[in-house]
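This report refers to the structure that appears directly beneath it.
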Amino acid sequence: MRTLGDWVRLNARRYPAREAFVSADGRVTFGEAADRAARLARGLRAAGIETGDTVGVLAGNSVFDAEVLLGAALSGGIYTAYNWRWAAPELAEGILESKTRLIIVEERFETLLDEAIAILAAQPETTVVPRVVRQGDVDALRTGSPEVEDWATPEGGLCLIYTGGSTGKSKAVVLSHRAGLANALNEYITAGVGADPEERGLMSTPMFHSAGILTWLVTHFIAGKTTILLDRFDEHEFVEWVGRERATNTFMIPNMMRHLLQAGALADAGVQRHFKAMHTGAGLLRMPDKEDFYAALPQAKLYFRYGLSEAGPMVAALRHEDMLDPVVDGSIGQEYHLVEARLMSLEEDGRLVAPGELGEIVVKGPSVMTGYYGRPEATAEAIRGGWLHTGDLAVQDDRGYFFFRDRVKEMIKSGGENVYCVEVEQALYLHPAVLEAAVLGAPDPKWGEEVRAVISLRNGQHATADDLVAFLRDHIAGYKIPKRWAFMPADEIPRSGAGKLVKEQLKAKLGWV
């Protein structure tokens, strides 16, 4: 068992009639998916794709996109998912970054791709303008027999994922077949993803996000379970698809889960009947949200996890049995089974810190990235002494539970004191009126940086800045309390393609730069 292609072949034999993928554009069994992927892989090889080449893909969550992933994997190519929310110049930059010579595009994104290709063609530094294979022409690209042949290697690239770019220009992370399979095994062992015999996983996280493609789709595929692909998150569509397709679990960021709770979606009869587990991460989750979830779905399990694309992506998980334990409320959990996660001193002496001491999260394990595509210097900076340096600060208790504090680059230095944005946000999420909170640092001539906050309130709830200041005084030191506040509807907050809040864009929108 070395590559994703091994499971394309094995699951076609083991579960030929079981549904592998379901979405608005149809449904396909493991047997059918293997047949179509094998012939697409041969077509890609005939089109000049060699082992290690990138295969660009611009598509939403769909059976079409999932089949392209399998075909690219079998061909030995690196599935390179472009963010369909990018503007044309951003897409052109992403194509240049990945050095892609062939791009497969879903029909609705053809205009965006054509605009990006035109930008590339006009640039003097462009050496190759990629060949475009449109959705309507993909079947013509398929060739040869349906027998599965695998040109990939375990250490060869499986996918290329662009980082969120919250701390600068996005970089392209290369994750190998070995990394993808290790992450899937981690999910299966640590969080039980794919372990339920009747499991049908719902996925609205986009496939250009590592949590979507690796944590959810690849894990379910290897486990021989069905993945239901939603093109976007919507409370009403969630209810409809869970009921109709008997979805048993999903992954989403905490803010999406809060929206489901606010809308009363988890009280739907179909959700109550079928839904068994909510997996969430890439945000903050505190006790009020957990209690609301279990009140709505007492029979279900709740998991929280921490990770980053460079780690493959998952690093630590807070399990269902820990959720209502007040001692670990606010924790990101313990390390995954195949992951070694430690905290390293910020003094650059390579020292691993003691329990209770602040340090940078560093990671080892088979799921860690190969590196940043075409950026050896950035790779050498990120992976030092065998450890992936995440740039995230945390403390760890004596039982191995991590408590996230902040990004190194987002820590606020105000009046000589360090203020950790996440610590303040964690306190704000304890207030019953707060739906979403973002704590930011802004330049200040007196203090160096001033602590500020942006708040979205829950439907029907009311709170003023004075109310929140008074609430925080019972939870954190006075110097950590925001000096300036802004209130904004959740749907007006700038977000990444994965739905995460983007603080730099939020600062610019408010003029806090």
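Report yes if residue 388 is closer than 24 Å to residue 360 by Cα, at pLDDT below 95 and touching a strand residue (DSSP E or B) at 6+ places or on another chain (Cβ under 7 Å), otherwise no. Please lay out each step first, then the result.
On the way: closer than 24 Å to residue 360 by Cα: yes; at pLDDT below 95: no; touching a strand residue (DSSP E or B) at 6+ places or on another chain (Cβ under 7 Å): yes.
No, not satisfied.
Determine if the range 428-441 includes at least one residue that is closer than 16 Å to residue 256 by Cβ and of a type in the set (Phe, Trp, Tyr). Checking the range 428-441: at least one residue is closer than 16 Å to residue 256 by Cβ and of a type in the set (Phe, Trp, Tyr). The criterion of at least 1 residues that are touching a Gly at 6+ places or on another chain (Cβ under 7 Å) and of a type outside the set (D, E, K, R) is met by the following helices (runs of 4 or more DSSP H) wholly inside the range 35-140: 63-75, 88-98. Condition check: within 27 Å of the chain's Cα centre (by Cα), among the polar types (S, T, N, Q), modelled with pLDDT of 95 or more and assigned to a loop (DSSP other than H, G, I, E, B). Does residue 153 satisfy that? So residue 153 fits the description; yes.
For the range 104-141, name all the residues that are of a type in the set (Gly, Ala, Ser) and under 27 Å from the mean Cα position of the chain (by Cα). Write out each step before concluding.
Taking the range 104-141 as the starting set, the residues that turn out to be of a type in the set (Gly, Ala, Ser) are 116, 118, 121-122, 136, 140.
Residue satisfying the conditions is 116 alone.
Looking across the range 55-109, the residues that are in contact with an Asp or Glu (Cβ under 9 Å, 6 or more places away or on another chain) and among the polar types (S, T, N, Q) come down to 61, 62, 75, 83, 100.
Scanning the range 240-264 for residues that are over 20 Å from the mean Cα position of the chain (by Cα), part of a helix (DSSP H, G or I) and either modelled with pLDDT of 95 or more or within 17 Å of residue 304 (Cβ to Cβ) (or both) yields 240, 241, 242, 243, 244, 245, 261. Within the range 208-222, identify whether any single residue is assigned to a loop (DSSP other than H, G, I, E, B), under 16 Å from residue 279 (Cα atoms), within 15 Å of the chain's Cα centre (by Cα) and at pLDDT below 95, and answer yes or no. Yes, the conditions are met somewhere in the range 208-222.
Select, from 123, 135, the only residue that is out of contact with any strand residue (DSSP E or B) (no Cβ under 9 Å at 6 or more places or on another chain) and either without any contact (Cβ under 8 Å) to a residue 60 or more places away in the chain or within 30 Å of residue 35 (Cα to Cα) (or both). Walk me through it before giving the result.
Details: 135 fails: out of contact with any strand residue (DSSP E or B) (no Cβ under 9 Å at 6 or more places or on another chain).
After ruling out the rest, the residue left standing is 123.
Here residue 108 does not qualify as of a type outside the set (Gly, Ala, Ser), in contact with a strand residue (DSSP E or B) (Cβ under 8 Å, 6 or more places away or on another chain) and under 22 Å from residue 230 (Cβ atoms).
Please tell me if residue 358 is over 21 Å from the mean Cα position of the chain (by Cα), surrounded by 17 or more Cβ atoms within 10 Å (Cβ to Cβ) and modelled with pLDDT under 95. Yes: the conditions hold for residue 358.
Selection of strands (runs of 3 or more DSSP E) fully inside the range 382-428 by the criterion of at least 1 residues being within 24 Å of residue 369 (Cα to Cα) and touching a residue at least 24 places away in the same chain (Cβ under 8 Å) returns 387-396, 402-407.
In the list 451, 469, 513, which residue meets the criterion of being hydrophobic (A, V, I, L, M, F, W, C) and either assigned to a helix (DSSP H, G or I) or within 24 Å of residue 162 (Cα to Cα) (or both)? Let's see the steps before the verdict.
Numbers: 451 fails: either assigned to a helix (DSSP H, G or I) or within 24 Å of residue 162 (Cα to Cα) (or both); 513 fails: either assigned to a helix (DSSP H, G or I) or within 24 Å of residue 162 (Cα to Cα) (or both).
On inspection, the qualifying residue turns out to be 469.
Taken over the range 163-203, the criterion of being over 18 Å from residue 314 (Cα atoms) and either part of a loop (DSSP other than H, G, I, E, B) or at pLDDT below 95 (or both) is satisfied by 165, 166, 167, 168, 169, 170, 171, 196, 197, 198, 199. Of 250, 227, all but one fail to be out of contact with any Ser or Thr (no Cβ under 8 Å at 6 or more places or on another chain) and surrounded by 17 or more Cβ atoms within 10 Å (Cβ to Cβ); the exception is 227. Among the residues of the range 35-88, just one is surrounded by fewer than 24 Cβ atoms within 10 Å (Cβ to Cβ), closer than 19 Å to residue 128 by Cβ, free of Cβ contacts under 8 Å to residues at least 40 places away in the same chain and not acidic (Asp, Glu), namely 88. If you go through the range 475-490 one residue at a time, do you hit one that is buried (at least 18 other Cβ atoms within 10 Å of the Cβ), among the charged types (D, E, K, R) and not in a strand (DSSP E or B)? Yes: the range 475-490 contains one or more residues that are buried (at least 18 other Cβ atoms within 10 Å of the Cβ), among the charged types (D, E, K, R) and not in a strand (DSSP E or B).
Restricting 461, 505 to those that are free of Cβ contacts under 8 Å to residues at least 12 places away in the same chain and either under 30 Å from the mean Cα position of the chain (by Cα) or under 21 Å from residue 289 (Cβ atoms) (or both) reduces the list to 505. Note on the range 379-413: residues that are loosely packed, with under 14 Cβ neighbours inside 10 Å, among the small types (Gly, Ala, Ser) and more than 30 Å from residue 329 (Cβ to Cβ) total 3.
The values are calculated or read from the model by the stated rules, or taken from the named source; none is laboratory data. Worth saying up front: this structure is predicted, and the values here are computed from it rather than measured. Counting neighbours? That spans all protein chains shown, and the Cβs are built from the backbone with ideal geometry, glycine included.
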